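A.B. asks: Pasting a structure below so you can have a look.
Values in this text are rule-based calculations from the coordinates and carry no lab data. Since the structure is predicted, the reported quantities are computational estimates derived from the model, not experimental observations. Cβ: placed from backbone, ideal geometry, glycine included. Neighbour counts: every protein chain shown.
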Amino acid sequence: MRSKLSLYDLPIYIQALIGISLLVAIGLVERFTNPSEQWVKAPRSIKSELLTKIIQDNATDDINPETIKSMELNNDIYLVDFNSQKLCGRAGCLYVAYTERGDRVLSLILQPQPDLFSINSSDPNRTCIDIRQPQGNQTLIHTYCYEGDKFINTISSATD
């Protein structure tokens, strides 16, 4: 009669390989299900000419491009977090979106927080994002959708 084979009966290198594979799979699932994990250093996703234009359009001081984060919303639109106190004030920090052609299609001053942006895929025909902002004891959620030449605030709601 055969006994059951357990994980502990396998050689240690096989156990390690299984463990590493599980960690990689979990990381990939998180990356594709959690939009906040899609932020990357801007020079990795935005061409240097466009990144230079974005910095020149929005900053009066020198900003190190390596400190800027970007999220690709689709093949043609990039959301940019300057991650710089130079572009923050009492009202919040500057966040912009640009097309690959160099057109600014969104410019907002927002209070930074970890889950500030998420991609809203409820309308497969448009590129939309949800923006969360604290207001008192509630969180306001604003949905902005790309309408061909700029993002438009299409829906706003509040949660407790």
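A.B. asks: Give me the one-decimal nm value for the distance between modelled label points at Ile119 and Thr154, 7 Å along each residue's Cα-to-Cβ direction.
C.D. replies: 1.5
A.B. asks: For Cα pairs less than 8 Å apart in space and 6+ apart in sequence, what is the mean separation divided by the residue count of segment 32-159, i.e. the relative contact order in percent?
C.D. replies: 16
A.B. asks: Could you list the residues of segment 101-119 with an amide nitrogen less than 20 Å from a label point located 7 Å from the Cα of Thr52 in the Cα-to-C-beta direction?
C.D. replies: Residues 101-104 fall inside that zone.
A.B. asks: Fewest first, what order do Ile54, Ile68, Ile109 take by the number of other Cβ atoms within 10 Å? Walk me through the numbers before you get to the answer.
C.D. replies: Values: Ile54 24, Ile68 21, Ile109 13.
Ascending number of Cβ neighbours within 10 Å: Ile109, Ile68, Ile54.
A.B. asks: Under a crude label model (7 Å from the Cα following the beta-carbon direction), how far is Arg104 from Ala91 in nanometres?
C.D. replies: For the pair Arg104/Ala91, the computed spacing is 1.3 nm.
A.B. asks: Show which lysines lie in cross-link reach of Lys69 when reach means a straight Cα distance below 21 angstrom and same-chain residues fewer than eight apart are skipped.
C.D. replies: Partners within reach: Lys41, Lys47, Lys53, Lys86, Lys150.
A.B. asks: Under the classification rounded if a/c is under 1.5, otherwise prolate if a/b is larger than b/c and oblate if not, where does segment 32-159 fall, given a ≥ b ≥ c as square roots of the Cα gyration tensor eigenvalues?
C.D. replies: It is oblate, given that a/c is not under 1.5 and a/b is not larger than b/c.
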